[in-house]
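Visitor: A single structure is presented below for examination.
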């Protein structure tokens, strides 16, 4: 984790200490953080202590772009990995089978390309909230950041085949603009609540305008 953070911490926000060191133990004690697993990631902010996936997510949000925008990708992985442990904890705390099944449904149904559709109001709200961040200004940061990390261009003219079928021809890169056409423009129609659909439509207009401007500048029309 240190090797990951150091080259990306351009503002010098982070300080590091081994958990088993005197400084590390002093920080843990000051934040009332259990010593626990010394191989785990621990983030201390004042008197607030975060561990493991919670710490990793917070670290992403404190780093410069594109990492804050990509933190949502980490959330999805953490939720799915923690699914079984979460359900065991709910059962241990006295949740009945029906309520646990409702939580399972929310987790399974929140994926954009998942096969299970949200049926309950809670599942619909979770699905909608999870998708709204791919649109608007945050959506711009996410799609550009993802393309940068993937080594694909921000813009490449889509082929006729891609526009018709969503599949690239041989040698065609899946640029940020391709992702915009293939997935992001479809988000408002996938919303399950009226409120989320209204927000999504407004944010999509912003995203459309961004790519229109990007393409014009790319082609030296502005």
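Visitor: Specify which of the listed residues (202, 220, 209) is out of contact with any strand residue (DSSP E or B) (no Cβ under 8 Å at 6 or more places or on another chain) and at pLDDT below 90.
Guide: One residue alone meets the criteria, 220.
Visitor: Considering only segment 154-201, how many residues are within 22 Å of residue 110 (Cβ to Cβ) and in a helix (DSSP H, G or I)?
Guide: 18
Visitor: Now for a separate question. Working only within segment 77-106, note down all residues that are within 14 Å of residue 126 (Cβ to Cβ) and modelled with pLDDT of 75 or more.
Guide: 102, 103, 104, 105, 106
Visitor: Which one of these does residue 73 not meet: (1) at pLDDT 65 or above; (2) part of a helix (DSSP H, G or I); (3) in contact with a helix residue (DSSP H, G or I) (Cβ under 9 Å, 6 or more places away or on another chain); (4) loosely packed, with under 15 Cβ neighbours inside 10 Å?
Guide: (1)
The values are calculated or read from the model by the stated rules, or taken from the named source; none is laboratory data. Being a predicted model, the structure only gives us computed values, none of them experimental. Note that each Cβ is placed from the backbone with ideal geometry, even for glycine, and that neighbours are counted across all protein chains shown.
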